[in-house]
Amino acid sequence: MEDKLVTVAIHSYERAIILKGILESEGIVVYLHNINEIQPMISAGVRVRIKESDLAAALKRIEEVDFGEKSEENVNVEPKQILVPIDFSDYSIRAARFAFNLAKNIDATIVFLHTYYNPYYTGGMPISDAIAFDENSEKTLRMQQQKNKENMDSLIDQLRKDIESGLLSDIPFISKFREGVPEEQILIYSKKHKPYIIMMGTRGKDAKEASLMGSVTAEVIDRSLVPVFAFPENTPFEKFEDIKNIAFITNFDQRDLIAFESMMSLMKNYKFKVCFLHLSTEYNAWNEIQIAGIKEYFSKNYPDIESSYCVIDTENITKDLDEFISDRQIDLLTIISQKRNIFARLFNPSIAHKMIFHSDTPLLVLKG
């Protein structure tokens, strides 16, 4: 039976060629698809495909690849930033409003980042290459860039009106544009500038599965080294003050306490209740002992915050979490996302990833 081909990456032509060379040096046969036959150097969205039997070896090698990304910017930034990726959809605009509310309480600057896809040119090009660009292509690109600018100007005008009317606090903000794949550009910016938090909207559980599989938010959650606040478009509030009940999922790990301190730093100016939740596939008396340890820690360090503790023996995480969220009227689900390799991300999505695709409850994802 013929070995099937699977796509392991989608890059610009320049990067696809680099990755092809790396994999072939390991004895893995690589096929590149979606190349512009006339002008290959300006191809975008090139698919790097391999045989299914080589998948495990290829993914392990890809995880080690560093393209040496550097931002073209070299500017001084505020010590604390909230990064808000913007695609001008309703839910990304709601993320902007959430950001103003949070920025006031943590004394931060807001950065609006819009990434656009350029089908005509991507990546670097040797100076010696003489390429004749199609005039219509250049015109289309200029129109796209102008449209992006108009959309951002419109958003900023609306935000300034809201500030003047008192609906939003007067918080400093800047806007930036990047060309490329959204999740890559968000992560590149985040790695260089280290924002305090990334705030993103999601489609919610009623969106079609096809659109969810390419979720930018899910990819950022899996790979970001800074906290991510993700909320569905059906979230009924736009202010952190409205968050009254928080569920904090714990595995009784020491890193969970560190992540919890990070959450408390973020939410310190708000009044809420916390429920520590442990998900288990079978009953374990040791869980109750560990819960007691968390109770003692919490009562000692946060005596003024009401807390509760729960262990759920579950075989269906998303179903049981949904029921728990509904029964306890949970407004925010906090999850620690451990760093996992690309193989695990593809075949064993994290709880955070699953809930992005399934739940209408906002998520705060912290790195363990």
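Only the coordinates and a few stated rules stand behind these numbers; no lab work does. Since the model is a prediction, treat every value here as computed from it, not as a measurement. All Cβ positions, glycine included, derive from the backbone under ideal geometry; neighbour counts span all protein chains shown.
Order these peptides, 140-146, 260-266, 185-191, by their mean beta-carbon neighbour count within 10 angstrom, highest first.
Output ranking for 140-146, 260-266, 185-191: 185-191, 260-266, 140-146.
Find out how many positive minus negative residues lie around Gly293, taking Lys and Arg as positive, Asp and Glu as negative, among other residues whose Cβ is under 14 Å from that of Gly293.
With Lys, Arg at +1 and Asp, Glu at -1, the neighbours total -2.
Efficiency by 1/(1 + (r/R0)^6): what FRET value for Asn148 and Ser53, r their Cβ-Cβ distance, R0 = 35 Å, to the nearest 0.05?
After rounding to 0.05, the efficiency reads 0.25.
Where in the stretch 78-113 does the amide nitrogen come within less than 19 Å of the point 7 Å from the Cα of Lys192, taken along Cα to Cβ?
78-86, 109-113
Which value in nm describes the separation of the simple spin-label points at Thr7 and Asn316, placed 7 Å from the Cα toward the beta carbon?
3.2
Need the list of lysines near Lys367 for cross-linking: C-alpha distance under 16 angstrom, and skip anything on the same chain fewer than eight residues off.
Within the straight-line cut-off, Lys367 pairs with Lys191, Lys194, Lys339.
Which order do the peptides 100-113, 152-165 come out in when sorted by mean C-beta neighbours inside 10 angstrom, highest first?
Descending mean neighbour count gives 100-113, 152-165.
Can you sort Cys275, Cys310 by how many other beta carbons sit within 10 Å, fewest first?
Fewest to most other Cβ atoms nearby, the residues stand as Cys310, Cys275.
What FRET efficiency, computed as 1/(1 + (r/R0)^6) with R0 = 22 Å and r the Cβ-Cβ distance, is obtained for Lys268 and Ile93, rounded to the nearest 0.05?
Once the sixth-power term is evaluated, E becomes 0.25.
What is the local net charge at Glu26, summed over the other residues whose Cβ is closer than 12 Å to its Cβ (Lys, Arg +1; Asp, Glu -1)?
0
Cross-link candidates for Lys51: which lysines have Cα within less than 24 Å, leaving aside residues fewer than 8 places away along the same chain?
Within the straight-line cut-off, Lys51 pairs with Lys4, Lys20, Lys60.
Could you list Lys192, Lys319 so that the one with the fewest beta carbons within 10 Å of its beta carbon is first and the one with the most is last?
The most exposed by this proxy come first: Lys319, Lys192.
Between Ile35 and Asp327, what is the spin-label point distance in nm, taking each point 7 Å from the Cα along the Cα→C-beta axis?
5.7
Run the quick spin-label model on Ile106 and Asn251: label points 7 Å from Cα toward the beta carbon, then report their separation in nm to one decimal.
If labels sit at Ile106 and Asn251, their model points lie 2.4 nm apart.
Sorting check: for 5-18, 232-245, which peptide has the highest mean count of neighbouring beta carbons within 10 Å, and how do the rest follow?
For the peptides 5-18, 232-245, the packing ranking is 5-18, 232-245.
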